[in-house]
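The values are calculated or read from the model by the stated rules, or taken from the named source; none is laboratory data. Note that the coordinates shown come from a computational prediction; the quantities given were computed from them, not determined experimentally. Cβ: placed from backbone, ideal geometry, glycine included. Neighbour counts: every protein chain shown. Side chains are part of the model used for accessible areas, which takes the heavy atoms of the whole protein and leaves out ligands, DNA and RNA. Shrake-Rupley method; radii C 1.70, N 1.55, O 1.52, S 1.80 Å.
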Amino acid sequence: MTEGRGNDRTADVLIIGAGASGAAVAWSLSRSELNIVCLEQGRWTNPANYVTNNDDWEYRGLTDWAFDPNVRGRPEDYPVNDRNSPISPLMFNAVGGSTIHWTAHSPRMHPSDFKVKTLDGVADDWPLSYEDLEPFYDLNDEMMGCAGINGDPANPPRSPRQMPPLGLGEDGKKLAAGFDKLGWHWWPSDNYVNSVPYGGREACNYCGPNGLGCTLKAKASTDVTYWPIAIDNGVRLRTRCRVREITVDSDGRATGATYFDRNGKERHQSARMVVIAANGIGTPRLLLLSRSDAHPDGLANSSGLVGKNLMFHPYAIVTGVFPEGNEMETWKGPLGNIFMSQEFYESDPKRDFVRGYSYQIVRSSGPAWLARGGFADAIPWGEGHHEEFARQFGKTMALAVIGEDLPELHNEVVLDPDLVDGAGIPAPRVNYTLSVNSRSMLDDGIANGRRVFEAAGAVDVLANPLLRSGGWHLMGTAKMGLDPDASVVNEWGQAHDADNLFIVDGSIFVTAGGVNPTPTIQALALRTAEHIAQRLGAGRSGDTNGDEE
Amino acid sequence: MSPSRGGRLSDADRRALAVVMDRLVPPVDELPGAGEMGLASEVEQRARRHRPLRSALITVMDALSMDMAAHAAGGFRALSEEQQVDSLRQVEAAVPEQFAYFMQLVYTIYYMQPEVHERIGWPGGAVQPDGFDVEPFDESILETARQREPFWRRV
Ligand SMILES: Cc1cc2nc3c(=O)[nH]c(=O)nc-3n(C[C@H](O)[C@H](O)[C@H](O)COP(=O)(O)OP(=O)(O)OC[C@H]3O[C@@H](n4cnc5c(N)ncnc54)[C@H](O)[C@@H]3O)c2cc1C
């Protein structure tokens, strides 16, 4: 699936990265007559071969299919030096990018998230509003397929969801009752997981570990949503092509990219416009690698902000253990697609931190996952092992505290002086410290989480104060803003320093919100794509991914 | 036991690994410990397939052999069970990250065994294509949540 219109001539638009955002841009632009090329360092994955089809899926999740690229170590991965960070960045490198591994929990940011400076005096306001993004959230929901239900009092009203919510399970219902007892908000999550067949894809069969890839294609990853249509429309997607540098002319405008093809041969793809979609770590890495006379500190880095302000959502995990007689079989159903609570989402002057957090409810998984300490501590080895295992297996639920991380200059992605990837290209290094504000927020989330579990009837509550293997949201490293001295791109994702260079991934986030970021990343990407099409004077056909039921 | 050379376990290491695994995951009900179940060779084979795991296994076995050299003749197997556990705790403290990764492998192999699944009541094996049954969403559960007035922050 690499065919498409055109040949190796100069592309109108070159996209780097075929993940969540790259796919959305490619599809949107493919509705025009533009000549579009996408370079992706990873390969196609075949859902029929995903590891959940095998008896040893728990072993594969620990090794060559792990979330952490440093553990996985596939040829298409690049290493990330995370020794200076208490959180390990996670990602997947393939057509579909990290959506191959994501859980597809798909909330939106709140209107207040775009105005944190005005409302709370911290960080910066975004140069756009929730209302500006809303039509693109809607379009993305339609393309990815959203299971959910309207009426959530914690969020503005939104257009009808494509599918009803996923079943809550006995475990989900028990925890919902706990929230109800306290009078605290909860609402079924929006999920890009089919609760009924949609978009030519099957419904979820509640197998559980959808983070390891969905064999049914019920979970929307962009290799099964946006990409097939974009390729049908003529986009040329070239896999196993690792970009080393974005090239520029003497005026500093982008001219294309130099990359290593699947045979390790160095090539150049020229383009009128370049769109980077390589995620919150891959994008600053690439910009910093692209030094030139016109951009001596790295491409688009006259503000010095490329790589700065790295935000994760630091996660604390609160696990409730339910007593004997509550055999909820909490391995049944997708790990993180149940419901969320946003009782503590907005700033509250009574608390000792600004901004807030969401709770995402998560289940347990298979026995090995529990024993080795999925989200909590490992079950101790030795004499007490079997007893403790029996106490927890099938009887634990967890609240993932998704805290809003604020941007800080010292949290950053830089080029590592020693570490390189398989092609010899310098690898990124992450320097990150958890802020006092984030720590207080997570502690609050743990304390309130205990109350929820007590109300729901748990006999024990275990807390993991900071999940090391929780760096799945990568944001802020090429910040958006109106002032070229204080941001890397403008409100359209266009680089202040090179008007034919756009960035569409999580790097451009001004602040992180307290929710999973991907619907926002993709909505921004779709918005930028429309802007690019207008700029290039490209006509449109209006096809979307109509439900094929 | 001797320090392993060239990334491979010696025969003595292999024999010791089985005993180590019995201490880590001891017998329960009718099931013997993980070592006596014959899982040491699978641990070694699976570790060989993945470089970070291989290195964790070798590091742990090397550290164990060094700990032994300090206070025992006859190797790990010659120690009392209590001494074996003590020795393992020493190694865990000396190389915590590698020990934790090694433990993850031991648990993973143990909890992949059908007889273990039967004992713990887990359906076992591949979770696809069958999946599990979960009842469809029933809106009546939202009765309380729906009574809440909208409370998102207006801007
Ligand atoms: C385990 C896991 C669970 C997650 N769960 C959720 C969730 O429930 N909800 C949610 O909202 N988000 C979730 N996320 C995060 C979500 O996957 C990301 O936010 C999203 O995929 C980011 O999109 P992106 O386009 O910025 O980058 P990616 O999807 O990561 O895609 C970037 C692509 O660029 C390619 N690339 C990078 N550098 C180069 C180069 N030099 N040359 C060529 N190609 C390159 C990469 O190979 C990759 O395919 C999860 C992530 C993980 C890892």
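Here A:Arg9 meets each of (1) part of a loop (DSSP other than H, G, I, E, B); (2) under 28 Å from B:Ala47 (Cβ atoms); (3) open to solvent by 10 Å² or more (accessible area, probe 1.4 Å) with one exception, condition (2).
Of all residues in the stretch A:99-147, which are open to solvent by less than 10 Å² (accessible area, probe 1.4 Å) and on the phi > 0 side of the Ramachandran plot? If the condition is that a residue be open to solvent by less than 10 Å² (accessible area, probe 1.4 Å) and on the phi > 0 side of the Ramachandran plot, then A:Ala104, A:Gly145 are the ones that fit.
Can you tell me which residues in the stretch A:12-27 are more than 13 Å from the ligand (Cβ to nearest atom) and either small (Gly, Ala, Ser) or open to solvent by 10 Å² or more (accessible area, probe 1.4 Å) (or both)? Within the stretch A:12-27, just A:Asp12 meets the criteria.
The residue list A:Arg253, A:Arg244 contains one member that is open to solvent by 40 Å² or more (accessible area, probe 1.4 Å), in contact with a Leu (Cβ under 9 Å, 6 or more places away or on another chain) and within 16 Å of the ligand (Cβ to nearest atom), which is A:Arg244.
Within the stretch A:488-522, track down each residue that is more than 16 Å from the ligand (Cβ to nearest atom) and touching a Pro at 6+ places or on another chain (Cβ under 8 Å). Residues satisfying the conditions are A:Asn490, A:Glu491, A:His496, A:Asp497. Here the strands (runs of 3 or more DSSP E) wholly within the stretch A:281-397 that include at least 3 residues being open to solvent by less than 10 Å² (accessible area, probe 1.4 Å) are A:315-321, A:357-362. I'm checking my understanding of the structure. Among residues of the stretch B:127-147 that are more than 33 Å from the chain's Cα centre (by Cα) and among the small types (Gly, Ala, Ser), which one is surrounded by the fewest Cβ atoms within 10 Å (Cβ to Cβ)? Once the filter is applied, the top-ranked residue is B:Ser140. The set of residues in the stretch A:368-379 being in contact (Cβ under 8 Å) with a residue 60 or more places away in the chain and out of contact with any strand residue (DSSP E or B) (no Cβ under 8 Å at 6 or more places or on another chain) consists of A:Ala368, A:Trp369, A:Arg372. Within the option set A:Pro153, A:Pro165, being touching a residue at least 12 places away in the same chain (Cβ under 8 Å), closer than 28 Å to A:Pro349 by Cα, in a loop (DSSP other than H, G, I, E, B) and within 12 Å of another protein chain (Cβ to nearest Cβ) holds for one residue only, A:Pro153. Evaluate the stretch A:97-106: report whether one residue or more is more than 11 Å from every other protein chain (Cβ to nearest Cβ), touching a Cys at 6+ places or on another chain (Cβ under 9 Å), within 30 Å of A:Ser129 (Cα to Cα) and within 8 Å of the ligand (Cβ to nearest atom). Looking through the stretch A:97-106, at least one residue is more than 11 Å from every other protein chain (Cβ to nearest Cβ), touching a Cys at 6+ places or on another chain (Cβ under 9 Å), within 30 Å of A:Ser129 (Cα to Cα) and within 8 Å of the ligand (Cβ to nearest atom). Looking at (1) part of a loop (DSSP other than H, G, I, E, B); (2) in contact (Cβ under 8 Å) with a residue 24 or more places away in the chain; (3) more than 16 Å from A:Gln494 (Cα to Cα), which is the one condition that is false for A:Asn263? Here A:Asn263 clears every test but (2). Which of the residues that make up the stretch A:367-382 are modelled with pLDDT of 95 or more and either under 29 Å from the mean Cα position of the chain (by Cα) or at the interface with another protein chain (Cβ under 8 Å from one of its Cβ atoms) (or both)? Correct list: A:Pro367, A:Ala368, A:Trp369, A:Leu370, A:Ala371, A:Arg372, A:Ala378, A:Ile379, A:Trp381, A:Gly382.
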